Amino acid sequence: MSDGMTDTMTDTLTSLRVDYKQQTRTRILKAAAELICKDGEDAVTMASVAARAGISERTVYRHFANRSTLVRSVWEGLQERLGPTPIPRDANDLLQGPMVKFPRYDDERELIRAYLHRRRRVDSQQLSGPQQAILQCLEQAVPELDQNQRRRRAAIVQLLTSPDACDLMCRMWGFDGIDAGDAAAEALQVLLNCGPPSDSTATPEDRGR
């Protein structure tokens, strides 16, 4: 057998091993996410994940050093699939936010719901950046408001652009992400005293259409 053919076979076997390893990792994460959605984080153990994924517990440990790393990887994967949440720069960014973000939640609704349940107690320091950005957008859009009025309206804006708002509208009213995004944007128009958002960044692809 020529060296070239040997090299090709070696490369093929290496590629197959990498693919199999990635598939196994994905399978483990999917099993862990399903357990979280069903019974919360407490249901996730290396043994329970192995049983749900149909693999050995030892295989789970090959991919994840411990339970904490596995659970953290589930949430990190969710964040990667949803994409980053840019800090708003003006009223138009605030209006477009839910119209772009909420449709992305449709395929992850149960896991997002579990995540929201998990983070009910959020360190207020983590929210200081987004809160300040919203206040600045409101100062530009409705400068006639006094400080207390601006803070009250900013609190409602933050609620309307949060995953919690999307979850409630989808769960209680049967909306999908696009409908929920449109509803949130309509309410934001009233709060910001402005017209519909510019379509410069919210493409049909962004909105799931």
Worksheet item: In the stretch 165-202, which residues are among the charged types (D, E, K, R), at pLDDT 95 or above and over 21 Å from ILE134 (Cβ atoms)?
Response: ASP176, ASP179
Worksheet item: Consider TRP75 against the criteria (1) in a loop (DSSP other than H, G, I, E, B); (2) within 14 Å of the chain's Cα centre (by Cα): it satisfies all of them except one. Which criterion is unmet?
Response: (1)
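Matching residues to (1) under 20 Å from ARG81 (Cβ atoms); (2) buried (at least 17 other Cβ atoms within 10 Å of the Cβ); (3) modelled with pLDDT under 95:
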| position | (1), (2), (3) |
| --- | --- |
| ASP3 | no, no, yes |
| ASP7 | no, no, yes |
| LEU16 | no, no, yes |
| ALA31 | yes, yes, no |
| ILE36 | yes, yes, no |
| THR45 | no, no, no |
| GLY54 | no, no, no |
| VAL60 | no, yes, no |
| PHE64 | yes, yes, no |
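The values are calculated or read from the model by the stated rules, or taken from the named source; none is laboratory data. As the structure is a computational prediction, the values presented were derived from the model and not from experiment. Note that we place each Cβ from the backbone using ideal geometry, even for glycine, and neighbour counts take in every protein chain shown.
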